[in-house]
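S.K.: Dropping a structure here in structure tokens format, bear with me for questions.
The values are calculated or read from the model by the stated rules, or taken from the named source; none is laboratory data. No experiment lies behind these values; they were computed from the predicted model shown. We place every Cβ from the backbone using ideal geometry, glycine too, and count neighbours over all the protein chains shown. Just so you know, the surface numbers come from the protein's heavy atoms only, side chains and all, with ligands and any DNA or RNA stripped out. Shrake-Rupley method; radii C 1.70, N 1.55, O 1.52, S 1.80 Å.
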Amino acid sequence: MNNEDIKLLLVRYITKQADEAEIKEVKRWVSLHPENELYFIELYEAWQNMLYVNAESIDEEKAYQLFLARTFPQKQTANILRWVKIAAVLFLFVASATLIVRHYSGLEKENNRVIAGNGAIKKLVLSDGTMVWLNAGSTIKYDAGFGKTNRTVSLEGEAFFDIGHNIKDIPFLVNTKNYTIRDIGTQFNLKAYPDDPFFETTVIKGEVAVEGNSETNPHDANRIYVKPRQVLKIYYHPGRNDKPEIAKAQNPYNEVRVSQIDSAQTDIYAGWKDDLLIFDGNTLGEIARVLGRRYNVKIKIESPELQNIRYSGSFRGVPDIDKVLHIIKQNTPISYTIEGQNVTITKTN
């Protein structure tokens, strides 16, 4: 089949007009290459986005022309035109019905939100069978249509995903402030805290594709594929982490690093869900952010010089921060005091 035949077939499949033979052909074509799957996901997302338009803005002819222009070249056969128009009309019917139902049921405002506060780790199972571990100081959101019309979640913080396979014809997407992660059947850890100067994802099994948000990252919208046992780390506007707006003005581009790890190193990135903390040459400033979330404390490092001291070590099942800092103190020139939820780290002589 040529490209136009593929487009027509995908439109029929997405709008639920395909017969059994066409459904089988779509699944075969999608499985041939990751690029095919991502093209299908993009077309599917475009269709889903059309379902959320404001009812007052719906214009049948305009919707038809827009869908035609975006999906097909100007010169088409009568058969293609016929099916596109059917798809556009079907869209208007479904969109109108959906908007009416939402208007009377209030579903347009209904969101599921799960929060793991500082000092807590939560595990949840989504309706599609996906298991999610939510690290301390993190929030995940998904709407009432999850598992039915979409498999999209929004994350702020850190989470480990073990993707379920109960629903294979709807792509699984994770939106963060700066990036969108498209799952290609996998297990992966995702770290996107708003107060961290970087974005990080680690693939344990399978593969993910990461795309920059064109609105928040106009210079960083390329797609990056992350393979098994690879870590993608993107530093936001490297330069001055203490003054992000100045750093962004001085350097509008992000620094991208992809590294390969072995199976024994995966615990460095995902061990937290099993109550294991591993620091591998991290700075004391980075460690303080992790410990602050993990033990629900505010950590103040008095000496700027201490921020960049590096430390390596592992901690399993340590119940309080005092024991962690006591161990770190044995190998670094620090002293500390704890008053309630406030921790102050100072430099020793």
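S.K.: Among the residues of the range 318-333, count how many are within 13 Å of Thr348 (Cβ to Cβ) and of a type outside the set (Val, Ile, Thr).
M.R.: Result for the range 318-333: 5.
S.K.: Mind checking which residues of the range 256-303 are touching a helix residue (DSSP H, G or I) at 6+ places or on another chain (Cβ under 8 Å) and in a loop (DSSP other than H, G, I, E, B)?
M.R.: Ile261, Val297 - these are the residues of the range 256-303 that are touching a helix residue (DSSP H, G or I) at 6+ places or on another chain (Cβ under 8 Å) and in a loop (DSSP other than H, G, I, E, B).
S.K.: Would you check which residues across the range 176-186 are open to solvent by 10 Å² or more (accessible area, probe 1.4 Å) and either over 21 Å from Asn36 (Cα atoms) or outside any strand (DSSP E or B) (or both) and list them?
M.R.: Matches in the range 176-186: Thr176, Lys177, Asn178, Ile184, Gly185.
S.K.: Considering only residues that are in contact (Cβ under 8 Å) with a residue 60 or more places away in the chain and either within 28 Å of Arg293 (Cβ to Cβ) or among the hydroxyl-bearing types (Ser, Thr, Tyr) (or both), which ones fall in the range 128-156?
M.R.: Trp133, Asn135, Ala136, Gly137, Thr149
S.K.: Find all pairs meeting these conditions: Cβ atoms under 8 angstrom apart; at least six residues apart or on different chains; first residue within the range 327-349 and among the aromatic types (Phe, Trp, Tyr); second residue surrounded by 14 or more Cβ atoms within 10 Å (Cβ to Cβ) and not in a strand (DSSP E or B).
M.R.: Tyr336/Leu325; Tyr336/Lys329
S.K.: Only residues that are closer than 11 Å to Asp169 by Cβ and open to solvent by less than 90 Å² (accessible area, probe 1.4 Å): list them for the range 27-36, please.
M.R.: Result: Val30, single match.
S.K.: Can I ask one more? Report every pair of residues separated by at least 6 positions or lying on different chains whose Cβ atoms are under 9 Å apart, first residue within the range 28-43 and free of Cβ contacts under 8 Å to residues at least 40 places away in the same chain, second of a type in the set (A, V, I, L, M) and loosely packed, with under 13 Cβ neighbours inside 10 Å.
M.R.: From the range 28-43, the pairs are Trp29/Met1.
S.K.: Go through the range 293-308 and report how many residues are under 17 Å from Lys329 (Cβ atoms), at pLDDT 95 or above and out of contact with any Asp or Glu (no Cβ under 7 Å at 6 or more places or on another chain).
M.R.: Final tally of qualifying residues: 4.
S.K.: Name the single residue, out of those in the range 4-26 being part of a loop (DSSP other than H, G, I, E, B) and of a type outside the set (A, V, I, L, M), that is farthest from Ile170 (Cα to Cα).
M.R.: Selected residue: Asp19.
S.K.: Tell me, yes or no, whether the range 156-172 has at least one residue that is more than 13 Å from Asp128 (Cα to Cα), open to solvent by 10 Å² or more (accessible area, probe 1.4 Å), outside any strand (DSSP E or B) and modelled with pLDDT of 90 or more.
M.R.: No - not one qualifying residue is present in the range 156-172.
S.K.: Among residues belonging to the range 304-349 that are part of a helix (DSSP H, G or I) and open to solvent by 80 Å² or more (accessible area, probe 1.4 Å), point out the one that is nearest to Trp272 (Cα to Cα).
M.R.: Lys323
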